[in-house]
Amino acid sequence: MNIFKAIFHSSLGKKYIMGLTGLALFGFVIGHMVGNLQIFLGQDKLNAYGAFLKSMPKLLWVARIGLLACVGLHIWAAVKLVRENRAARPDRYAQVKRMGTSFASRTMIWSGLIVFAFIVYHLFDFTIAPDYTGHDDKGRHDIFKMVVLGFSNPFSAIFYLIANCLLCIHLSHGVKSLFQSLGLSTGQFRSLFNGIASATAWIIFIGNTSIPLAVLLGFGKEVLK
């Protein structure tokens, strides 16, 4: 109990919580993107992928609950650290100095909260209460048609694009901070790992946003006829 108390009450412990939960969420984002990109392999491939996931309902719900727990802990640790940092500096500086800080680092808490709101909306829209619950000719939930139908709505597509922009801004700084916390981003390796973090964020942004953009440009619309 003393170990858990130390972790949850010390600044260092909260930073470890942020790092570990951030790493888990980063892994989920990569896996989620790879799974979703199967839409470009066609209706059969994506629906087969969805059927495979649904064949393990208990494991799927454990993963969902674990994901939400990680998001909750990540936000809790971030908010606590921000409050502690502000409490340690009760007097406002006459002039805010932003040298050496990036836009991503200054907006981490806000982009994180907005991304959390997007996750809740996305889960509700595509998992809990989707607009389309039909099946394909093999009796599988037609995820392909659901995604095409969902992103045919410009509001949903634009919201998804904006949310992914904020997600990748958040990730670009978060991954850099993770490398730094692990002691990897130091000295001559700093620029290398910062580059890896930025490149990874861009890859995720391009991969995720390619789906709604493709649908808006007409991809998959034949299933709506």
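Name the helices (runs of 4 or more DSSP H) wholly inside the range 100-171 in which the number of residues that are open to solvent by less than 20 Å² (accessible area, probe 1.4 Å) and modelled with pLDDT of 70 or more is 2 or more. Explain how you work it out, then say what you get.
Working: elements: 103-106, 108-123, 143-151.
Helices (runs of 4 or more DSSP H) meeting the threshold: 143-151.
Within the range 20-37, residues that are free of Cβ contacts under 8 Å to residues at least 60 places away in the same chain reach partners that are open to solvent by 60 Å² or more (accessible area, probe 1.4 Å) and assigned to a helix (DSSP H, G or I) with beta carbons closer than 7 Å, at six or more positions or on different chains, in the pairs 21/73; 35/49.
Which residue, of 211, 204, is open to solvent by less than 30 Å² (accessible area, probe 1.4 Å), modelled with pLDDT of 90 or more and under 22 Å from residue 75 (Cα atoms)?
Details: 211 fails: under 22 Å from residue 75 (Cα atoms).
Being open to solvent by less than 30 Å² (accessible area, probe 1.4 Å), modelled with pLDDT of 90 or more and under 22 Å from residue 75 (Cα atoms) holds for just one of 211, 204, which is 204.
Would you confirm whether or not the range 11-21 contains a residue that is closer than 30 Å to residue 134 by Cβ and either modelled with pLDDT of 85 or more or touching a Pro at 6+ places or on another chain (Cβ under 8 Å) (or both)?
Narrowing the range 11-21 to residues closer than 30 Å to residue 134 by Cβ: none.
There is no residue in the range 11-21 that is closer than 30 Å to residue 134 by Cβ and either modelled with pLDDT of 85 or more or touching a Pro at 6+ places or on another chain (Cβ under 8 Å) (or both).
Does the range 1-21 include one or more residues that are polar (S, T, N, Q), in a helix (DSSP H, G or I) and open to solvent by 70 Å² or more (accessible area, probe 1.4 Å)? Yes, because at least one residue in the range 1-21 is polar (S, T, N, Q), in a helix (DSSP H, G or I) and open to solvent by 70 Å² or more (accessible area, probe 1.4 Å).
The values are calculated or read from the model by the stated rules, or taken from the named source; none is laboratory data. For clarity, every value in this text was computed on a predicted model and none was experimentally measured. All Cβ positions, glycine included, derive from the backbone under ideal geometry; neighbour counts span all protein chains shown. Heavy atoms of the whole protein, side chains included, go into the accessibility calculation; ligands, DNA and RNA do not. Shrake-Rupley method; radii C 1.70, N 1.55, O 1.52, S 1.80 Å.
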